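None of the figures in this text is laboratory data; all of them are computed from the coordinates on show. None of the values given here were measured: they were computed from a predicted structure. All Cβ positions, glycine included, derive from the backbone under ideal geometry; neighbour counts span all protein chains shown.
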Amino acid sequence: MASDSQNPLAGYEPEETEGSKLMRKSRESPFVPVGIAGFAAVVAYGLYKLKHRGDTKMSIHLIHMRVAAQGFIVGAMTCGRYLVFRHEHLILPPKNWENIDSSISRG
């Protein structure tokens, strides 16, 4: 049994804080913060339009705002994946292209 003077969590340090994790993820996928900002903008616009929606039913207004927010997120993710694909497969040549060329010429 451990003594009371020893704290079992004394040596524990979290590996990453939330801020450092967000910064790491934003470096890996630069369109994640863009998607988050776009989502926040759509929500802010939706709250503004909620007050001035006129005759539109509440359910229709909420559906339109949900579709706009999801569309922005999907668009940001698609642009991010395209840029990663373009960088990895179209701009940077694979390292083994010379092996592929020599195997084709022998063929």
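Summary of computed values
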read-out: By average C-beta atoms within 10 angstrom, highest first, the peptides 47-58, 25-36, 78-89; value: 25-36, 78-89, 47-58
read-out: Shape call, region 30-94: gyration tensor on alpha carbons, a/c limit 1.5; value: prolate
read-out: Test item: Cα-centred dipole of region 30-94, Lys/Arg +1 and Asp/Glu -1 on Cβ, debye; value: 260 debye
read-out: Rough spin-label spacing in nm, given labels placed 7 Å along Cα→Cβ, for Met23 and Arg81; value: 2.9 nm
